[in-house]
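Everything on this sheet refers to the single structure shown next.
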């Protein structure tokens, strides 16, 4: 029996160790779930992805729906920045600060756009943008007489008091420091799922005695909760800013330059006044059509829910279409003669037995029957349901013939004729150009596709906001 030369054994053993270490190195390098891993996802990768993703709080200042319209200070700022980048905006809702930071570091979002106080201790792990607002943290309590033992006059009175705050927030850190400063214990209770407004509401209703929020949030809420007092500051004036990944250098540079310039514009003042100084906010808070008061979008929600089942649509998608068409005003008549909530054209409306004297409910039903008919015509042309919805929306706006022309052009030019975004939508948008209009495949003439292109985009964007803010 022959044995290997010992020297060969050593070579083989050494080679095996090298292979094992190489495999472990590759596995370690590709492990995306490592807790300390920071995903490299800068502006170049964001543009390649094709959209800007921001995580945002759902609250009465930053992000909500009122009478069918997605609104909010942070949302309006994000829209301006996404327009500047010429990128679609996607909003993710997350009210837990810790979870938001995880989304940021994993590359699942690009910006954390909330009322984040700039704190020195966090700068080693995250980057703050150029400051957006200046504020201070204040104690929120119910209005009481000065001799009431629960009435807080100065921060020294916080000793031995129980204060509820949003979890993982600057408020917690400030109260810890304040406890050291006053030389006594402050009992701090964190809540991971409550927004600042929810805690203010609990203070107002008497469920809790105290919370801490930024002053501009307290000032807005005081317009509705008239029994709250926010006169006791617990911090000096602080900056608030957006948060981005530490390694998003290009995004940070572009975003900071844009913020510095935009804050000097008149429109920034308009946005600020709208959400922080206007008396409109009190009206919003009291409305049944305010998303934080429930899940009501319009007066026609029950009809919309019932009719949407006939076409297999999420009711919030149908509601988004109706808002686009009429803003839920059944008396709307377009310059082309379209009427009602669904803006039915007279010729189409006649086929579905409605006219301008029909009720709102009858108008919705007729519009849904028309959608069902469009869906049937497109069933064998667009296989995937989610894609087919976009084609149906486009056809609802401009007619099937132009959609068929755009599909034929997409197929000829090597695009996916069953996908809307960046495929068929391009050819509808550009159909009036001679190079496409004169093609023998085009059978339905010229069309200004810009309106339909924008309509599909807006309906789908609003639908995403409804899904974020309105329950099924």
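For this structure, a couple of remarks:
- Entry note: the range 301-469 has Rg to Rh equal to 0.97, where both radii use alpha-carbon atoms and Rh is the Kirkwood radius.
- Residues 71, 369, 250, arranged from fewest to most other Cβ atoms within 10 angstrom of their Cβ, appear as 250, 369, 71.
- Net length available on complete extension from residue 67 to residue 345 is 97.6 nm, with 0.36 nm assigned per residue and the Cα-Cα distance removed.
- Between residue 306 and residue 458, the C-beta separation translates, for a Förster distance of 22 Å, into a calculated FRET efficiency of about 0.35.
- Convex hull (Cα only) mean projected area of the range 137-236, reported in nm² to one decimal: 5.7
- Put simply, the Cα atoms of the range 224-289 extend 45, 30, 24 Å along their principal axes, the longest span coming first.
- Counting every other Cβ atom within 10 Å of each residue's Cβ, 375, 197 order from fewest to most as 375, 197.
- At R0 = 35 Å, FRET efficiency that the Cβ-Cβ distance of residue 239 and residue 384 yields, to 0.05: 0.15
- With the highest mean first, a sort of the peptides 198-205, 377-384 on other beta-carbon atoms found within 10 angstrom per residue produces 198-205, 377-384.
- Each peptide in 313-321, 124-132, 454-462, 331-339 was scored by the mean count of other Cβ atoms within 10 Å over its residues; highest first, the order is 313-321, 454-462, 124-132, 331-339.
- P(r), alpha carbons of the range 73-203 - 5 Å bins starting at zero, rounded %: 2, 8, 15, 19, 19, 14, 10, 6, 4, 2, 1, 0
- For the chain, convex hull of alpha carbons as volume per residue, Å³: 260
- Label-zone membership for the range 437-472, site residue 293, 7 angstrom Cα→C-beta point, backbone N under 17 Å: 470-471
- Here the range 177-221 is treated as a sphere whose radius is the Kirkwood value from Cα pairs; by Stokes-Einstein at 10 °C and 1.306 mPa s it diffuses with a coefficient of 134 µm²/s.
- Annotation: the antiparallel percentage among DSSP beta bridges lying fully within the chain is about 65.
- FRET efficiency, 1/(1 + (r/R0)^6) with R0 25 Å, evaluated for residue 207 and residue 160 via beta carbons: 0.80
- Full extension of the chain between residue 79 and residue 187 gives 34.9 nm of extra length, using 0.36 nm per residue less the Cα-Cα distance.
- Every Cα-Cα pair in the range 206-261 was counted, and those over 14 Å apart are 68% of them.
- Distance distribution note for the range 238-383: the fraction of Cα pairs above 29 angstrom is 45%.
All of the numbers you see were taken from the coordinates with simple rules; none came from a lab. Just so it is clear, the structure is predicted and the values come from calculations on it, not from any experiment. Please note: Cβ atoms are built from the backbone with ideal geometry, for glycine as well, and neighbour counts cover all protein chains shown.
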